[in-house]
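*Asks:* Could you have a look at this structure, given as structure tokens, before my questions?
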Amino acid sequence: MMVGDTVSAAAAASSTTTNGSTSAKALNLDTSGFLQLLIAQLQYQDPLEPMTSEAMLTQLSQLTTVTELNELNNNFVRMADGGMNVANMSSLLGKTIHYSDGAGGTTSGIATQVRQGTDGWEVCVGDVVLALGDIVAVGTS
């Protein structure tokens, strides 16, 4: 595919998106791809009818908007994942936790606290702080 064809394909994808239907190619265009297309467009533009400053600023503004929307979406995903973890972990409170005692046996106690530690989620059973990997089983109190 020639660079001119790439610019034409991007223009077609862009016009498809503005007409209301979403094109898969338009959704997969990242920042790097967008800048490559912009550079190709500038290289192959008609010297008698160059791109106006207004058109270039519009395209850069659209790139900024898409980049910020992607970052906002990523933040929402991280926030939702964190909320699910808190909900899942809080369901352990008041339950009987069976955990490895380090000598090949198991000990049990009631979960009194869950918290985010430096190495992940921790469950407190009395004075004992357990990593999730130490838990063998969970039951009701």
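*Asks:* Anything in region 96-112 that is surrounded by 14 or more Cβ atoms within 10 Å (Cβ to Cβ) and of a type outside the set (Val, Ile, Thr)? List them, or say none.
*Replies:* Across region 96-112, the qualifying residues are 98, 99, 100, 108, 109, 111.
*Asks:* Something else: Which condition breaks for residue 104 when tested against (1) in contact with a strand residue (DSSP E or B) (Cβ under 6 Å, 6 or more places away or on another chain); (2) small (Gly, Ala, Ser); (3) in a loop (DSSP other than H, G, I, E, B)?
*Replies:* Condition not satisfied by residue 104: (1).
*Asks:* Which residue is farthest from residue 138 (Cα to Cα), if the candidates are limited to region 83-107 and must be without any contact (Cβ under 8 Å) to a residue 24 or more places away in the chain and more than 27 Å from the chain's Cα centre (by Cα)? Don't jump to the end; show me each part of the working.
*Replies:* Of the residues in region 83-107, the ones without any contact (Cβ under 8 Å) to a residue 24 or more places away in the chain are 83-84, 86-88, 91, 93, 101-105, 107.
Those still in the list that are more than 27 Å from the chain's Cα centre (by Cα) too: 93, 101-105, 107.
Values: 93: 10, 101: 15, 102: 18, 103: 20, 104: 18, 105: 16, 107: 12 Å.
Checking each candidate, the answer is 103.
*Asks:* In region 65-78, how many residues are modelled with pLDDT of 85 or more and over 13 Å from the mean Cα position of the chain (by Cα)?
*Replies:* Number satisfying all stated conditions: 1.
*Asks:* Follow-up. Within the group 72, 63, which residue is surrounded by 14 or more Cβ atoms within 10 Å (Cβ to Cβ), among the aliphatic types (A, V, I, L, M) and in the same structural domain as residue 42 (by TED's automatic domain parsing)? Steps first, please.
*Replies:* Values: 72 fails: surrounded by 14 or more Cβ atoms within 10 Å (Cβ to Cβ).
When all the criteria are applied, what remains is 63.
The values are calculated or read from the model by the stated rules, or taken from the named source; none is laboratory data. From a predicted model like this one, the values you see are computed outputs, not experimental measurements. FYI the Cβ positions are ideal-geometry reconstructions off the backbone, even for glycines, and counts take in every protein chain you see.
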